[in-house]
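Step one of this worksheet: look at the structure below.
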Amino acid sequence: MKKIAIASGKGGTGKTTVAVMLSRLLSKKFKVRLLDCDVENPDCHIFFSDAPTEKEEVCVFYPEVDTEKCNCCGRCQQVCEFNCLFVMKDRLMFFGELCHSCRGCKLVCPQGAISEGSRPVGKLFNSKVEKNLHLDYALMNVGEARATPLIEKLKKNLKSGADYAIFDSPPGASCPMAETVAGCNYAVLVAEPTPFGIYDLKIAAKVVKKLGVPCGIVINRSGGEDKIIDNFARQKKINILFRIPYSRKFSCYYSKGVIKENFFPGLADKIIKEMLRI
Amino acid sequence: MKLCLTSTGKDLEASVDHRFGRSRYFIFAATEGKKYRVIENSAASASQGAGIRAAQIVMDQKPEAVITGNLGPNASSVLLNAGIKVYQHGGGSVQEAIESFNKGVLKEITQATVGGHFGAGGGRGRGGRGDFSNR
């Protein structure tokens, strides 16, 4: 199974558009699994009439403190890298939203006062949405601070059996994006030819390089001549895979929840060819 | 009486740091006399939870009151739960803050005065805008 991440620095450049188009085009010949890793605001499912309904709750570890056993020695507080514990003379305060579920506190507690607690952080959805195309997405609970546990779970649930897995990454270049792109065979960076677009693309390209994932660029809303992106791509020796022209007709369809992959049939071939070449 | 003051410098002439969790130093001073002790705030550069860790550093020294500029939600939650009185000092030196405390003119803080990440500063448009600070 080949894993391809669709990422960008800037938001709203067309990651989902490219991910859905690529998945549909590939599904004509191959078995495809589309993973919407933008767990804070998943939107791939909007473009399919058969949206997934299956649900699975995702939980993370949090320390359950036995106040009878705890003698407030403070070892847990000292070891906590994330500063979520505060120890007083007679009790302990815990800030769940800061906890990264590392279990360090449980490991060092000499009293054995900390046990395995579990807290729901979001839900997973998945089902077959079209012939040869299966969609997985997760939705983070309101108020949660960390998206990565859900992305980890989505990727962990990915079983073999598909020829291609397409990961629709969250925007930005921080932990959720890195978590999505890490371990992929190839990354497609979707960029728009604007000063904002190039600024964020540069950051995203840096992250992808650091993760050791080869990448190419798809320019969305191309005006034909995209000097601002072309110059950067040439300088960094990153290939421009495809230019999606600015099209009012395409946008009109999109605004109604329809992505017309047949407008740009060459997209999938270009991406796959480049991925296999590397 | 032993006070803890957030400070931008290592002596009583330094200004009171208007942040609590990310204060540069903590000065522990007696209300009478000139004796004081300085502790560098190792929580100042924490990636998260600076207020909580700073409160732990402060409380481990067992002061009887804390004087600072502002208090975020987590720091106020732990300090108030720990039962220590916290006072607000608008600006000026640590020495002046101690004098104001002795005159009894400092306002007591009974809830967070700013939102989270107020003192985090740096990029991402944070810092100094308490009202908008929850990412």
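Just report the Cα centroid separation between the stretch B:83-109 and the stretch A:136-172, whole Å.
50 Å
Please provide three numbers in whole Å: the alpha-carbon extents of the stretch A:115-204 along the principal axes, with the largest listed first.
48, 38, 22
Give, rounded to the nearest 20 debye, the magnitude of the charge dipole that the protein assembly as shown has about its Cα centre when Lys and Arg contribute +1 at Cβ and Asp and Glu contribute -1 at Cβ.
Details: 59 positive and 41 negative charges, 292 e Å.
Here the size comes out at about 1400 debye.
So for chain B, taking the charge dipole from beta-carbon charges (+1 Lys/Arg, -1 Asp/Glu), which of B:Ser100, B:Gly116, B:Ser47 sits furthest toward the positive end?
B:Ser47
Can you return the aspartates and glutamates within cross-link range of A:Lys227? Criterion is Cα-Cα under 12 Å, with same-chain partners fewer than 8 residues away left out.
The reachable aspartates and glutamates, counting only those whose Cα sits under 12 Å from A:Lys227, are A:Glu192.
Given H placed on each backbone N at 1.01 Å, which residues far from A:Cys59 in sequence or on other chains put an amide H within less than 5 Å of it?
When sequence neighbours closer than 5 places are left aside, the close amide H contacts are A:Val121.
Share of antiparallel DSSP beta bridges in the stretch B:2-132, in percent to the nearest 5?
Roughly 70 percent of the beta bridges in the stretch B:2-132 run antiparallel, per DSSP.
Only Cα pairs within less than 10 Å get springs; with that Gaussian network setup on chain A, which residue of A:Lys123, A:Lys89, A:Lys28 has the largest fluctuation?
A:Lys89
What Kirkwood Rh does the stretch A:74-161 have if only Cα atoms enter the pairwise 1/r average? Answer in Å. Could the numbers behind the result be given before it?
Values: mean 1/r = 0.0640 Å⁻¹.
Hydrodynamic radius (Kirkwood, Cα only) of the stretch A:74-161 equals 15.6 Å.
Check which residues have an amide H placed less than 5 Å from B:Asn41's amide H, if you skip close sequence neighbours.
It is B:Tyr25, B:Phe26, by chain and number.
Just to be sure I understand: with springs between alpha-carbon atoms less than 10 Å apart, which residue in A:Cys37, A:Cys72, A:Cys184 has the highest mean-square fluctuation in the Gaussian network model of chain A?
In this elastic network of chain A, the residue with the biggest mean-square fluctuation among A:Cys37, A:Cys72, A:Cys184 is A:Cys72.
Given the pairs A:Lys15/A:Lys155; A:Lys237/A:Lys260; A:Lys2/A:Lys55; A:Lys28/A:Lys260; A:Lys210/A:Lys260, which span a C-alpha to C-alpha distance of over 23 angstrom in this model?
Correct reply: A:Lys237/A:Lys260; A:Lys2/A:Lys55; A:Lys210/A:Lys260.
Count neighbours as other Cβ atoms within 10 Å of each site's Cβ, and list the GluC sites (Glu not before Pro) in the stretch A:47-101 that are DSSP loop with at most 16 such neighbours.
Here the sparse-neighbourhood loop sites are A:Glu54, A:Glu68, A:Glu81.
Nearest 500 deg cm²/dmol is fine: what mean residue ellipticity at 222 nm does the protein assembly as shown get from its DSSP H runs of n ≥ 4 alone, each adding -39,500 (n - 2.57), divided by its residue count?
That comes out to -8000 deg cm²/dmol.
For chain A, set up a GNM with springs between Cα atoms under 10 Å and report which of A:Leu158, A:Leu201, A:Leu267 has the largest fluctuation.
Of A:Leu158, A:Leu201, A:Leu267, the Gaussian network model singles out A:Leu158 as fluctuating most.
Could you pull out the trypsin sites (Lys or Arg not before Pro) across the stretch A:174-278 that fall in loop regions by DSSP (anything but H, G, I, E, B) with no more than 12 other Cβ atoms inside 10 Å?
Those satisfying the criteria are A:Lys237, A:Lys256.
Cross-link partners among aspartates and glutamates for A:Lys106, C-alpha distance below 12 Å, same-chain residues fewer than 8 apart left out?
Partners within reach: A:Glu64, A:Asp66, A:Glu116.
Leaving out same-chain residues fewer than 8 places away, which lysines sit with a Cα under 17 Å from that of B:Lys35?
Qualifying lysines at Cα under 17 Å: B:Lys2, B:Lys10, B:Lys62.
Starting from the exponent 0.38 and prefactor 2.2 Å, build the expected Rg for chain B from its residue count and divide its actual Cα Rg by it.
0.96
Remind me, what semi-axes does the stretch A:67-112 give for its equivalent ellipsoid, largest first in whole Å, using sqrt of 5 times each Cα gyration tensor eigenvalue?
Equivalent-ellipsoid dimensions as semi-axes: 16, 12, 9 Å.
Given the options B:Ala29, B:Val16, B:Ile57, identify the residue whose Cα lies farthest towards the positive end of the charge dipole of the stretch B:2-132 (+1 on Cβ of Lys, Arg; -1 on Cβ of Asp, Glu).
So the residue furthest toward the plus end is B:Ile57.
Sort A:Cys76, A:Cys105, A:Cys175 by Cβ crowding within 10 Å, fewest neighbours at the top.
Details: A:Cys76 26, A:Cys105 23, A:Cys175 13.
The most exposed by this proxy come first: A:Cys175, A:Cys105, A:Cys76.
Are there GluC sites (Glu not before Pro) in the stretch A:215-274 that DSSP puts in a loop and that have at most 16 other Cβ atoms within 10 Å, and which ones?
For GluC sites (Glu not before Pro) across the stretch A:215-274 that sit outside H, G, I, E and B with at most 16 neighbouring Cβ atoms in 10 Å, the list reads A:Glu225.
Amide H neighbours of A:Asp168 under 5 Å, counting only residues 5+ apart in sequence or on other chains, H built in-plane at 1.01 Å?
Under 5 Å from the amide H of A:Asp168: A:Ile6, A:Leu35, A:Asp36, A:Cys37.
Only bridges whose two residues both fall in the protein assembly as shown count here: according to DSSP, what percent of them are antiparallel, nearest 5?
Percent antiparallel among DSSP bridges in the protein assembly as shown is about 50.
Not counting the cut sites, what is the longest span of chain B without GluC sites (Glu not before Pro) that DSSP labels loop and that have at most 12 other Cβ atoms within 10 Å?
That would be B:65-135.
Please report, in whole Å³, the volume per residue of the convex hull around the C-alpha atoms of the protein assembly as shown.
Dividing the Cα hull volume of the protein assembly as shown by its residue count gives 167 Å³.
Coordinate-derived values only; no laboratory data. Worth saying up front: this structure is predicted, and the values here are computed from it rather than measured. All Cβ positions, glycine included, derive from the backbone under ideal geometry; neighbour counts span all protein chains shown.
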